[in-house]
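A.B. asks: This is the structure, below, for whatever I ask next.
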Amino acid sequence: MPDFLIIGAQKGGTTSLFYYLSQHPQVRVAPQKEVHFFDLHYHLGVDWYARQFSDTPNSAIAGEASPYYIFHPDVPRRVAATCPQVKLIALLRNPVDRAISQYFHEVKQGFETLSLQEALRQEPQRLATEAEKLRNDPHYRSYNYQHHSYLARGRYLEQLQQWWNHFPREQMLVLNSEAFYRNPNDTLTRVLSFLDLPPISLEAYPSLNTGNYSDIPQSLKQQLQTYFAPHNRALFDELQQDWGWNDSLS
């Protein structure tokens, strides 16, 4: 069973962090980055999940990264029931940039056909009742909840509180994605300390799974920033730190 999970957020740097951790001699990661056991494959059972880490030597710790975990409404309960001692790592990116990045990712994958403006407008209708269905049926998969959740995934405090209902706060490391992008070695050192592992220094820190979306109208970015501003303030108050996501509004 895993010793740590990178639970999200999607488009927050989880691919890069997963790769950096995989370079540590005392870390064994699952063969694929996103195992998706607790969100999409829970019905396959714990034995199936345990086999994903069956070759982990006693001298190493095991982990995986599935960034849908932080957002899926029933995953915190499932993780707590299966591996209550697991350490949790969350990377949180400015929700404006995260939402835009997710949108273009979904378009690229063929999961989104609407314009960004229309997708944002239709999101409440697309996601209505989906969280309840996911909580009530372990076999249920919600296409809309997974692929069309541009605003909801950026309301980070709501998601963290679901996890804190099942895990003590000291069992989760909450990180700022922008700080990770600026200085990946510092963030990696913090993560390794959290996992009780000695630090390492990599020869290179490639930025993986990134994109450039500079053609978004400033008015739409401002609309998103206005939407997220109260949610950001609530998050910063709870964490007792300000990551500057609302600075341009002040």
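Where a number appears in this text, it was derived from the coordinates with a stated rule and is not lab data. What you see is a predicted model; the values in this text were computed from it and never measured. Here the Cβ positions follow ideal geometry from the backbone for every residue, glycine too, while neighbour counts run over all protein chains shown.
A.B. asks: Do any trypsin sites (Lys or Arg not before Pro) in segment 1-89 lie in a DSSP loop with no more than 11 other beta carbon atoms within 10 Å, and if so, which?
C.D. replies: none
A.B. asks: Okay, moving on. Check cross-link reach from Lys221 to the lysines: straight Cα distance under 19 Å, and skip same-chain residues fewer than eight apart.
C.D. replies: Lys11
A.B. asks: A follow-up question, please. For segment 106-250, what is the charge dipole size about the Cα centre, in debye to the nearest 20, if Lys and Arg each add +1 at the Cβ and Asp and Glu each add -1 at the Cβ?
C.D. replies: 260
A.B. asks: Would you list Leu21, Leu175, Leu91, Leu44 from fewest to most Cβ contacts within 10 Å?
C.D. replies: So the ranking, lowest neighbour count to highest, is Leu44, Leu175, Leu21, Leu91.
A.B. asks: Of the options Gln159, Ser22, Leu5, report the single residue whose Cα projects farthest towards the positive end of the charge dipole of the chain (beta-carbon charges: Lys, Arg +1; Asp, Glu -1).
C.D. replies: Towards the positive end, the residue furthest out is Gln159.
A.B. asks: So, one more: Taking the Cα centroid of segment 1-80 and of segment 113-131, what is the distance between the two, rounded to the nearest whole Å?
C.D. replies: Between the Cα centres of segment 1-80 and segment 113-131 lies a distance of 28 Å.
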